1. Condition (residue is at pLDDT 95 or above, farther than 28 Å from residue 135 by Cβ, crowded, with 21+ Cβ neighbours inside 10 Å and touching a strand residue (DSSP E or B) at 6+ places or on another chain (Cβ under 6 Å)) applied to segment 159-170: is it met by at least one residue?
2. Looking at segment 89-126 only, could you name the residues that are closer than 14 Å to residue 228 by Cα and in a helix (DSSP H, G or I)?
3. Check residue 166 against each of (1) within 18 Å of residue 86 (Cα to Cα); (2) within 15 Å of the chain's Cα centre (by Cα) and name the one condition it does not meet.
4. Buried (at least 16 other Cβ atoms within 10 Å of the Cβ) and within 23 Å of residue 70 (Cβ to Cβ) - does that describe any residue in segment 206-218?
5. Report, by residue number, each residue of segment 199-219 that is over 17 Å from residue 144 (Cα atoms) and either without any contact (Cβ under 8 Å) to a residue 12 or more places away in the chain or part of a helix (DSSP H, G or I) (or both).
6. Can you tell me which of (1) at pLDDT 95 or above; (2) more than 14 Å from the chain's Cα centre (by Cα); (3) buried (at least 23 other Cβ atoms within 10 Å of the Cβ) is the one residue 82 doesn't meet?
7. Output yes when any residue across segment 78-88 is in contact (Cβ under 8 Å) with a residue 12 or more places away in the chain, in contact with a helix residue (DSSP H, G or I) (Cβ under 8 Å, 6 or more places away or on another chain) and part of a loop (DSSP other than H, G, I, E, B), and no when none is.
């Protein structure tokens, strides 16, 4: 399935339209889809200019990529490829075709490495990372993945967009599964830093309890990838 960008007020509505009901359920592990239409203000993810917001981490760069600003035909379902690029950078690896001023090239290459244009699962993200010569696996559970982040690795975690453990500045009215990158851990506050392609922002102070609620929202579709 090739996703096309739709002119709507929020990125979540565009993504749902691209996935379709069946696609969203397959990606979300059966999470219920809301019938409501989102009438909230447009999110920051609606920006049209590509930009990667970077900050130094212990291993590499903490870079949040806005999946909705790349202009790619698959951008509505590119949370997985964008999360892969962010995870690589956090581990000090440079994605092929990477340009901080125009992340679309790297996201497009990762999408090509995945080999499909639709929503993604953990095993596909592992394969894409392998094609980029980056070590990754999805053999561990959620708690184990966060333990690896505490040790300096990065985790790509899926969950329910409506249950994101921080504010997007608007309230998503549709239930859609979404990949985020858990990229850093602060031992003093016992919180994580998350890079989220839905708004292209870095979110700090994220608790494990918040992440657990986020992932629990996708039910049996829970999945996570450890990078590094």
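1. yes
2. Across segment 89-126, the qualifying residues are 89, 90, 125, 126.
3. Result: residue 166 passes all but (1).
4. no
5. 219, the sole residue that qualifies.
6. Exception for residue 82: condition (2).
7. So the first thing to find is which residues in segment 78-88 are in contact (Cβ under 8 Å) with a residue 12 or more places away in the chain, and the list is 78-88.
Filter again for in contact with a helix residue (DSSP H, G or I) (Cβ under 8 Å, 6 or more places away or on another chain), leaving 78-85, 87-88.
Remaining after also requiring part of a loop (DSSP other than H, G, I, E, B): 78.
Yes; the residues of segment 78-88 include at least one that is in contact (Cβ under 8 Å) with a residue 12 or more places away in the chain, in contact with a helix residue (DSSP H, G or I) (Cβ under 8 Å, 6 or more places away or on another chain) and part of a loop (DSSP other than H, G, I, E, B).
The values are calculated or read from the model by the stated rules, or taken from the named source; none is laboratory data. Keep in mind it's a predicted model, so treat the numbers as computed, not measured. Every residue, glycine as well, gets a Cβ built from its backbone with ideal geometry; the counts of neighbours run over all protein chains shown.
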